[in-house]
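This report concerns only the one structure given below.
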Amino acid sequence: QIAFAACFFLCACVNYGDHSGDSGCQRRNIPSCEALGSWSHQKAVTLHPDDNDGNMWTTTITVPKGVSKYRYFKGFILEPKSAGDPCQVIVNVWETHQQPRTMSPTGPHLNIDDGQFGTHNGVNCVDSGWLTCQTEIRLRLHFSQKSPGFEEEIDEDEDELSPTCWHRMTTTLEKTTTLGISMISANSYKSRHSQPECGYGLGPSQWTEYSIHTMYPDNLELTFEFFEEDMSEHVVQGDAHPGYVGTACLLSSSFSENGMDIGVATLPIMARNSRQTIGKVRVDYLVIRPIQAFQCDMSSSFTKYWKKRSTLDASENQGEHNSLIQKRCHASYVEFDVHLSKDAVPIVYHDLTCCISTKKKHDKTSLELVELAHATAVKENDHKDLVDDEDEIDEHQPFPSLSQIFQAIPEHVGFNIELKWICQMKDGSWDGNLSSYFNMNKYLDIILSCVLQKGGKRRIVFSCFDPDICTMVRQKQNKYPILFLTQGISEKYPDMMDIRCQTTQIAISFAQSENILGISAHAEELLKNLSYIGDAQSKGLVVFSWGDDNNEHEIRKKLREQGIDGLIYDSICEEQGEQPNIFKVEEQHTLQEVITEETLKSASCSCYSIPCSVAPCIGSKSCSGSGESDSGLSSS
């Protein structure tokens, strides 16, 4: 019998002692043994508050002999919807130390005091939970002339309403629903807080976002109330809410009715004292659902973990798939694009559209995979670009599946997986001339399930140009980090419609507000504003750089001198001597500690060995160490 004692609130700097409003909130213990849940949040053991000390949470359990690893988390227990169903557990905050807590019972009875929640070995490391069973709805309003925002409908015979008329949201939510608001701009952000009584006014380069967690995503009524920001006009004497103009209503059932989890809803604004429509508001919405048919465990998390080291090199793949498999293993990471074929298979391919010509009818797998969701027709004048030699077609057979890439590339090579998604330009056009694509939840569920099942110990980072994809990846799973890809202000590429994509500074604020690992910025803007690198890193973000400029040695040198965390470029094969695979070097450092001096003296160099000026060489054969799997720099 082991009695656990953990202080729920020990230091004033970590505010876990206030339980107001935390109906059903519990601290839970997650070890690696079956008696304590085998890393499953659903099977975790519940701790109970001590009668004599409300900040102390305890439980008594029976565990097998040996070393057990475990974590604590704070969560919510939801009663089942129908009799006989299990309770649902929502993870609110959990410990994410790279090395979990351990215990090794030395007798039949033992008391363990684990100190403060979130602090282990003197280090505080906690992270927000992910979507286990609940759904998250995001509603975004922003000031823009071309993209969704506020519009007024004004009768020419009536007084014009002030253009600063903006909103607040009020609604009565059930206990199974929570609401938070975020304000983000190029220079600052304020995330997940309660809004003021009359909401916020909006201005250029700024947006307001509401986040709603609910177990009933199709059964919510959401009300927006609009107020005059200029209180000198349209104020009713004795009004409890001065400046109140009108109301707009949104039913969440409309999302499922149109079959899309992302889109724009246009709502009429009704005047407060009449049924007259005084304007309309367009609201961006995003529905984030938990991954279907896959359960994330709590054994490890790298979503905000990055070990600080010298700049990592990532080899960029632009479509030479076999070269990705055969030649890229000198890089610490390989970067490639992933999206779905028409039959929902994750494949590696750079572009959103493609021209296909194949002569081998017996190659059924290839024929099925090339049937992309939005493949473009082969035009007559494109035939001259197609290769006629069958051997050449064999060598560049489209398209490798993501599963094949996991099997073909050694595990010590990390993956920077760009999630391909359509983007709208500021002029209204769409990337690849595609205005519609897959259901975003289904798209990500398929790709994330593949990566989570096949990732093993490989270091993996996701990236995407679409900010909603970044948000979804962060909320749907608890293991791998994501970088927000941004082109910033560019002369090479057209401006993006989405305000979150328009500058590197806004991208930094967005990454902070979503608590993602960091950004992958276009070298073009970084080179003009090198201070962005240090600015982002000072805010706890990791910074990568991509772009053609990175193919120049002197530019890479300049960015390395600024302390950039990662460089993505496509000439690593020609620059093998520039930067060895840092993960192989680290493995050799680990092995070096246990190799005898005699062995070191008799060893000869290998292509991945540590330079002799740094440390003795350890052998001519490639070594596979067992060092800790990590992505990079801890943000703490």
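The values are calculated or read from the model by the stated rules, or taken from the named source; none is laboratory data. Everything numeric here is computed off the predicted structure, so don't read it as measured data. Here Cβ is always computed from backbone atoms with ideal geometry, including for glycine, and neighbour counts include all displayed protein chains. Side chains included, ligands, DNA and RNA excluded: accessible areas come from the protein's heavy atoms. Shrake-Rupley method; radii C 1.70, N 1.55, O 1.52, S 1.80 Å.
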- Name the single residue, out of those in segment 77-123 being of a type in the set (Asp, Glu) and touching a residue at least 40 places away in the same chain (Cβ under 8 Å), that is farthest from His213 (Cα to Cα). Asp113
- Across segment 529-556, which residue is nearest to Lys476 (Cα to Cα) among those that are in contact (Cβ under 8 Å) with a residue 24 or more places away in the chain and small (Gly, Ala, Ser)? Gly540
- Message: Can you pull out every residue in segment 69-108 that is open to solvent by 50 Å² or more (accessible area, probe 1.4 Å) and of a type in the set (Asp, Glu)?
- Response: Glu79, Asp85
- Task: Within segment 447-475, count every residue that is closer than 23 Å to Trp207 by Cα and either open to solvent by 10 Å² or more (accessible area, probe 1.4 Å) or assigned to a helix (DSSP H, G or I) (or both).
- Result: 11
- Query: Is it true that some residue in segment 431-445 is closer than 18 Å to Val348 by Cβ, among the aliphatic types (A, V, I, L, M) and open to solvent by less than 10 Å² (accessible area, probe 1.4 Å)?
  - Reply: yes
- Determine, yes or no, whether Ser403 is surrounded by fewer than 17 Cβ atoms within 10 Å (Cβ to Cβ) and not in a loop (DSSP other than H, G, I, E, B). yes
- Message: For a quick check of your reading: which strands (runs of 3 or more DSSP E) sit entirely within segment 205-307 and have at least 2 residues that are modelled with pLDDT under 90 and not assigned by the TED database to the domain that holds Ile499?
- Response: 206-214, 221-227, 244-251, 277-288
- Item | Meets criteria (touching a strand residue (DSSP E or B) at 6+ places or on another chain (Cβ under 7 Å), open to solvent by less than 20 Å² (accessible area, probe 1.4 Å) and in a helix (DSSP H, G or I)) for Ile519 | no
- Note on the structure: Counting only residues in segment 109-135 that are among the hydroxyl-bearing types (Ser, Thr, Tyr) and open to solvent by 20 Å² or more (accessible area, probe 1.4 Å), the one nearest to Asn219 (Cα to Cα) is identified as Thr132
- Message: Here is a check on your reading of the model: is Phe510 open to solvent by 20 Å² or more (accessible area, probe 1.4 Å) and touching a helix residue (DSSP H, G or I) at 6+ places or on another chain (Cβ under 8 Å)?
- Response: no
- Pairs where the first residue, in segment 274-303, is more than 23 Å from Val461 (Cβ to Cβ) and the second is small (Gly, Ala, Ser) and outside any loop (DSSP other than H, G, I, E, B), C-beta under 6 Å, 6+ apart: Ile278/Gly246; Ile278/Ala271; Val281/Ala248; Val283/Ala265; Tyr285/Ala265
- Note on the structure: Result of the Cβ filter at 6 Å on segment 508-528, keeping first residues that are within 19 Å of Asp570 (Cα to Cα) and partners that are among the charged types (D, E, K, R) and open to solvent by 10 Å² or more (accessible area, probe 1.4 Å), at least 6 apart or interchain, is Ala523/Asp549
